[in-house]
Amino acid sequence: MGLYARVSTHDQRTLPLQIRAMREYAAKRGWTIVAQIEEVGSGASRRELRTTLLAAAQRREVDVVLVWRLDRWGRSVADLASTLQELEHLGVGFVSLTEALDLTTPAGRAMAGLLAVFAEFEREILRERVCAGLVHARLNGKRLGRPPSVVHKANETRKLYWQGISKSEIARTLNIGPNLRPPPPRPNEILT
């Protein structure tokens, strides 16, 4: 089995508490600990050491993952549900000590199904908020997407360039990307 403990940089005092509680639980269940991961970082971080534990599960080195709390494992409900689903497909159990969630039991697997439903709900709400924000921005005249490139404003770019205006000034004036290479004039093009 593998232990996973995580603390934020502001809350490092609970790491020994998490490890001690999980080791005691594993001993009561008669589980052998083959991996112990201790990660320090904010909730928004990538949790690279967690990825190491997932890789160990994929190699069948770990058959159960034990965490102190669910929020120590997942960054969001969606992240939690997807990683729990991955562990389930691998045949790896998951136990959250504080919430008494044991996915090695039928009741625990039912709870994981509910988590998946809430994760989907969270994704849908987020998608609706993003779409509403985009509509609001468009209604307020905000242009979305990448700035126009020099190709879209080739004539204006050439005129300003041949007038001796710097490339950065042309980019600011025409509101185009800063990596400006003015296209050469077309044959028989008269610049005014």
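The values are calculated or read from the model by the stated rules, or taken from the named source; none is laboratory data. Note that the structure is predicted; figures quoted are calculated from it, not measured. Cβ coordinates were reconstructed from backbone atoms using ideal geometry, including for glycine residues, and neighbour counts include every protein chain displayed.
Assorted remarks:
- Each residue in the stretch 87-140 was checked for being of a type in the set (K, R) and within 19 Å of A57 (Cβ to Cβ), and 1 of them qualify.
- Within the stretch 96-117, if we keep just the residues that are surrounded by 15 or more Cβ atoms within 10 Å (Cβ to Cβ) and not in a helix (DSSP H, G or I), the residue that is nearest to the chain's Cα centre (by Cα) turns out to be S96.
- Evaluation of H89 against (1) surrounded by fewer than 10 Cβ atoms within 10 Å (Cβ to Cβ); (2) touching a residue at least 12 places away in the same chain (Cβ under 8 Å) (one fails), failing number: (2)
- Subset of the stretch 1-22 that is within 19 Å of L101 (Cα to Cα) and loosely packed, with under 14 Cβ neighbours inside 10 Å - its residue that is modelled with the highest pLDDT: R20
- Inter-residue pairs, beta-carbon under 9 Å, first closer than 21 Å to L70 by Cα and in the stretch 119-140, second of a type in the set (D, E) and at pLDDT below 90, 6+ apart: A119/D79
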